[in-house]
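J.: I have a structure I would like to understand better, so I am pasting it below and will then ask my questions one at a time.
Every number in this text was worked out from the coordinates using simple rules, so none of it is lab data. Bear in mind the structure is a predicted one, so any value in this text is a computation, not a measurement. When we count neighbours, we look across all protein chains shown, and the Cβ atoms used for this are built from the backbone with ideal geometry, even at glycine.
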Amino acid sequence: MNAPFLPAPFEDELLDGYLGRCCAAHCCTNAKSLIAGLGAHLQLPGPCSTQAAIAAGLTITPQQVLFRLTTLPAQRAFAPSHKRDGRPRTEALYLMGVQMRSKVEAMTCAACLNEDRKHGRTSYWRRIHHLPDVDWCPIHREALLKFDPKAFRHRPTDALAQGPGVRLALPTAFDAASILGRYAGLLAHWLQRDFVGSSAALTHVIRDGCTSHELRWTETGRRPLVSDLIARQVPTEWLALHWPDLLTKTPGEYFARLDGPSKDKHVSYPGAACALVLATLFDSVSEIQARLEEAESRFVSSPDTVRDGALNAAYLDFINGAKIDTACRTQQVSAEQLEQRIRDEAKRWSRATDGAPRATPHRRRSPLPASASVHRPSVAKSSGLEPLSLALAQ
Ligand SMILES: [Zn+2]
């Protein structure tokens, strides 16, 4: 049943403001009674979530509600793939119960409101003014005005007419060429996506950036970390507001919330942390996006496609004497993929040449570290697979 009950959302409209607009249209005192009324109108079973009720009212999926009406695409820009097929990341995000931010404050930009007024448009609460820790309008680069969440019941122009709101503090540098400008640019870009990126691709790109800045991504070591670079280069007054712990850490100390994305591709780090790391390591949003897209195309490719291309070349490099990390860097593949390929080849060789059961056939082997160099006897170059299987079986 389609519902004339609900107006169509505006472009980039924030769910909280949309609910406020719907409440005003139906004389509901709060969103809870609106959702209950919508559920009864559409004959939805039992108490249902806001997303489920709005989705049913707009005849879209709950996942589309999250991606079109909330800042979730920027907040959760990357997630690990399931079983390396890359496909279920976006679907899994909703099923995992990752939802919109709660108790979001109402923020708007005076210049955006002026433009709405000038063009005779209704003003509304926009997602782009609610990006995590972006205290300015990414379009006009003006400080945002913050209102109590109750303001969502009114149009932003009406809220502004009732009181000036709180003008958010601006950092010293947030133009397009600055780290914070790139940070906001990345989040604004991800906000428009209808998919979640691959954590493995993200980790790959960040490691490239760390390498070019001579940073480490391991927990221990002598080289500085990306968190050290961020603490040094991002405006202190902004860090004091949003990342105060970073200002008190000692140089070289591992800071998991920012150093983690370069190390652990199996964890979904907040989009804000990923954006800050990338914005610090690279010079432009377009460069970062190109790198991510290139890595994404490689990591989302089917294993067979990858196997035929760069991975095959990396494997041959390894057979011919290159270290794993050198082969990976040269052919632009992940250490995990190459290690898996080496193991697959070793197993294949073992199956083909050794019919006798092993003494400990199910013994788990610890994964090879990215920088490990597997022992290769000198016959490796001539016979290829044999020494590898021997080395891995030890
Ligand atoms: Zn604006």
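J.: Let me check against my output: what whole-number percent is the relative contact order of segment 179-300, with C-alpha pairs under 8 Å and at least 6 apart?
T.: The value is 41 percent.
J.: For SER198, SER123, SER49, what's the fewest-to-most ordering of other Cβ within 10 Å of each Cβ?
T.: With the sparsest Cβ surroundings first, the list reads SER49, SER123, SER198.
J.: Starting from the Cα of LYS249, draw a straight line to each of the aspartates and glutamates and keep only those under 18 Å, dropping any in the same chain fewer than 8 residues away.
T.: Output for LYS249: GLU219, ASP228, GLU237, ASP259.
J.: For the cross-link pairs LYS263/LYS323; LYS265/LYS323; LYS323/LYS347; LYS263/LYS347, which exceed 24 Å when the distance is taken from alpha carbon to alpha carbon?
T.: Long pairs (Cα-Cα over 24 Å): LYS263/LYS347.
J.: If Lys and Arg each add +1 and Asp and Glu each add -1, what is the summed charge of the other residues whose beta carbon sits under 13 Å from the beta carbon of HIS204?
T.: -1
J.: Quick check on the exposure proxy: order ILE342, ILE60 from fewest to most C-beta atoms within 10 angstrom.
T.: The most exposed by this proxy come first: ILE60, ILE342.
J.: Sorted from fewest to most neighbouring beta carbons within 10 Å, what does the list TRP190, TRP243 look like?
T.: So the ranking, lowest neighbour count to highest, is TRP243, TRP190.
J.: I need the shape label for segment 174-279. Rule: rounded when a/c is under 1.5, else prolate if a/b > b/c, else oblate, with a, b, c from the alpha carbon gyration tensor.
T.: oblate
J.: Moving on. In Å, the Kirkwood hydrodynamic radius of segment 197-351 over pairs of distinct alpha carbons?
T.: After inverting the mean inverse Cα-Cα distance, the result is 16.8 Å.
J.: Which value results when the Cα radius of gyration for segment 111-229 is divided by 2.2 N^0.38 Å?
T.: Scaled against compact globular proteins, the figure is 1.40.
J.: Turning to a different aspect of this structure: Non-local amide H neighbours of TRP136 (under 5 Å, H modeled in plane, Pro and chain starts lacking H): which ones?
T.: LEU144
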